[in-house]
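J.: One structure follows; several queries about it will come next.
The values are calculated or read from the model by the stated rules, or taken from the named source; none is laboratory data. If you're wondering where the values come from, they're calculated on a predicted model, not measured in any experiment. Every residue, glycine as well, gets a Cβ built from its backbone with ideal geometry; the counts of neighbours run over all protein chains shown. We work out accessible area using only protein heavy atoms, side chains counted, and drop any ligands, DNA or RNA first. Shrake-Rupley method; radii C 1.70, N 1.55, O 1.52, S 1.80 Å.
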Amino acid sequence: MSKQTTTYGRGELLVVLDVNRQTRRVMALLRTLFFALIAILVLILVLTGLERPIFQITNDYEYTWNITGGMLISGLTLDGIPLTNFNPLALLAYIGVGIALVGTAVFFIANLIHAVRAAGTPKLLVLDGKTRKVMKYLIGISATLASLLFLFFEPVYRLTQTAQGSAYMEELAANYAFNCNPTGTGTLLMLGCFFVGTYYLCSAAGTTRFWEKHQGGCYLLGLVALLLYFWQYGYLHALFGIDPSTASFPYPFPRAINSFSKFTGSVKGSYNSVFGSLVQIFFISASTTLNDSIVYNATTTLAGMLIGFVLGGALGYAVSLVAACCKNWGAGVLTICSILAAFPVVALGPIVNHWFPSNSVAGSLAAKIIVVTILCMAGMAVNAYKGLTVLKPFAMDLMDICDASAKQSFLLLRLPNSLPNVFTALKINSATALMGAFVCEFYSRSKTFGIGMMFNNYWDVARYQSWAYIIMAILFGLILYLIVAAVERRCIAWHPSMRKKH
């Protein structure tokens with residue numbers, strides 16, 4: 001039986017295209033309606049926030065102050081003492097919200113007219129493409145700026161804090177610093193501004209070259225910002241049932257109003273935030289409570305991590321070459337590598353550490369190199385073997401037709417074909433190497449320090465310092481990943497995955 005083909009006439013195609021246009025109009029109207037409803041909610045919150053509390057300052061024991069938006073703009077007074085004066089940043093936040101609301105209303109009206117008007121009628125009050133883009137940027141920047149100003153309440157508050165008010169708060173906070181928390185109204189206000197602002201910024205930047213190139217990174221930054229917000233104001237603590245006053249899950253940024261001038265958030269000689277401790281470790285001094293040098297710790301960890309990363313990649317590729325050339329027993333070699341990859345690193349680290357003297361600097365470094373090499377070799381061997389053996393259809397037939405030697409087939413076909421898999425393995429190993437070095441240091445018997453050992457040492461002394469070392473380790477792994485990705489873009493620019501999308 002022959003297949004029947006369906007043909008469409010010109011009139012039918014025009015009907016289909018018209019239906020598609022109308023569908024796009026309706027979907028655009030629904031999106032705008034959704035964000036218009038959010039904008040209305042934000043407007044209600046803004047108006048009620050002028051008289052209702054949006055922030056609460058408390059020391060968790062004696063004093064609690066409710067701060068409205070109007071008080072934040074005009075200034076705060078406690079017991080007849082002026083704590084702050086007129087705050088221009090708070091006023092700017094409300095102006096940004098107003099601009100975003102007006103722009104959203106204009107967009108909704110324009111899309112409504114565009115959706116209901118008949119085809120061929122004049123485009124009355126319908127915004128053209130350039131005007132829409134400008135307005136989207138204006139709405140997005142205004143709403144995002146407003147959400148950031150509300151989010152960073154502490155520096156906005158301290159901008160106009162009076163010397164008399166600062167001294168009075170220090171007197172009240174004789175034992176405990178004052179912390180800030182948003183109320184339910186303040187939380188909804190910030191989140192509403194954030195979602196409206198990011199939507200319009202993403203929509204405006206959607207056709208730019210920057211967005212096409214860095215779209216994933218922008219989404220990642222947005223998710224990280226939301227995570228930090230929920231972490232900073234205790235919502236993650238409530239989700240996991242953790243008491244915020246405990247040190248097991250410290251805040252990322254300082255919470256103390258009366259000590260925000262110090263980014264470390266020092267209160268009565270302690271460091272009460274993760275990123276504050278990280279700044280303390282990197283910039284403020286070369287040593288912390290345990291007199292550890294950040295340069296020495298970073299060098300110790302990076303040395304074992306990078307040497308093992310390179311050795312593991314080289315040995316893994318060599319194993320894949322042997323497995324590809326000797327197919328009879330190459331599968332057995334890959335099976336052994338897979339078993340090594342499945343070996344628990346929490347067991348491998350202590351085992352290798354016990355092979356070397358406990359006080360030997362060279363022994364500690366050698367243990368890390370061995371652990372990282374084993375972990376990285378396995379991933380490289382499996383990925384590179386696939387790239388060396390899984391070729392495009394008829395690729396080897398073409399090499400045979402051209403009378404290519406085995407060496408030429410390897411250099412011109414198998415080696416280039418394996419490079420995408422090699423870089424995939426290297427990017428995976430950038431995290432594997434960090435994990436291996438960190439765990440090996442965590443269980444190290446030697447007295448040489450490293451990021452993993454410092455994390456272990458600080459866990460019972462100051463857990464916010466331990467979290468800071470975790471963030472530091474993540475930064476090292478991220479930097480190594482970015483370096484590998486940059487080299488990949490240069491080395492395999494010919495690969496379809498590296499080509500720019502037009």
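J.: Quick check on the range 62-69. Is at least one of its residues small (Gly, Ala, Ser) and within 24 Å of residue 188 (Cβ to Cβ)?
T.: Within the range 62-69, one or more residues are small (Gly, Ala, Ser) and within 24 Å of residue 188 (Cβ to Cβ).
J.: Further, regarding this structure: Could you list all residues from the range 67-85 that are more than 15 Å from residue 159 (Cβ to Cβ) and buried (at least 21 other Cβ atoms within 10 Å of the Cβ)? Full working, then the answer.
T.: Filtering the range 67-85 for residues more than 15 Å from residue 159 (Cβ to Cβ) gives 68-70, 77-81.
The one that is more than 15 Å from residue 159 (Cβ to Cβ) and buried (at least 21 other Cβ atoms within 10 Å of the Cβ): 69.
J.: Among the candidates 13, 101, 17, which residue alone is at pLDDT 70 or above and assigned to a helix (DSSP H, G or I)?
T.: 101
Okay, residues lined up against (1) of a type outside the set (Gly, Ala, Ser); (2) assigned to a helix (DSSP H, G or I); (3) open to solvent by 10 Å² or more (accessible area, probe 1.4 Å):
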{"residue": "437", "(1), (2), (3)": "no, yes, no"}
{"residue": "441", "(1), (2), (3)": "yes, yes, no"}
{"residue": "470", "(1), (2), (3)": "yes, yes, yes"}
{"residue": "485", "(1), (2), (3)": "no, yes, yes"}
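J.: Determine which single condition residue 449 fails, assuming it passes every other condition in (1) outside any loop (DSSP other than H, G, I, E, B); (2) open to solvent by 20 Å² or more (accessible area, probe 1.4 Å).
T.: Here residue 449 clears every test but (1).
J.: All but one of (1) out of contact with any Leu (no Cβ under 7 Å at 6 or more places or on another chain); (2) touching a residue at least 60 places away in the same chain (Cβ under 8 Å); (3) part of a helix (DSSP H, G or I); (4) more than 19 Å from residue 305 (Cα to Cα) hold for residue 332; state the number of the condition that does not hold.
T.: Looking at each condition in turn, residue 332 falls short on (2).
J.: OK, next. I'd like the residue in the range 350-370 that is closer than 11 Å to residue 304 by Cα and open to solvent by 40 Å² or more (accessible area, probe 1.4 Å) and, out of all such residues, is modelled with the highest pLDDT.
T.: Here the residue is 370.
J.: Might you check whether a residue that is under 29 Å from residue 273 (Cβ atoms), open to solvent by 20 Å² or more (accessible area, probe 1.4 Å) and modelled with pLDDT of 80 or more occurs anywhere in the range 410-427?
T.: At the first step, the residues of the range 410-427 found to be under 29 Å from residue 273 (Cβ atoms) are none.
No, the conditions are met nowhere in the range 410-427.
J.: Now a separate question. Where residues in the range 144-199 are part of a strand (DSSP E or B) and modelled with pLDDT of 80 or more, which of them is surrounded by the fewest Cβ atoms within 10 Å (Cβ to Cβ)?
T.: 161
J.: Continuing with this model, one more query. Six or more apart or on different chains, Cβ atoms under 9 Å: show the pairs whose first residue is in the range 408-423 and at positive phi and whose second is not basic (Lys, Arg).
T.: Going by the 9 Å Cβ cut-off, there are no qualifying pairs.
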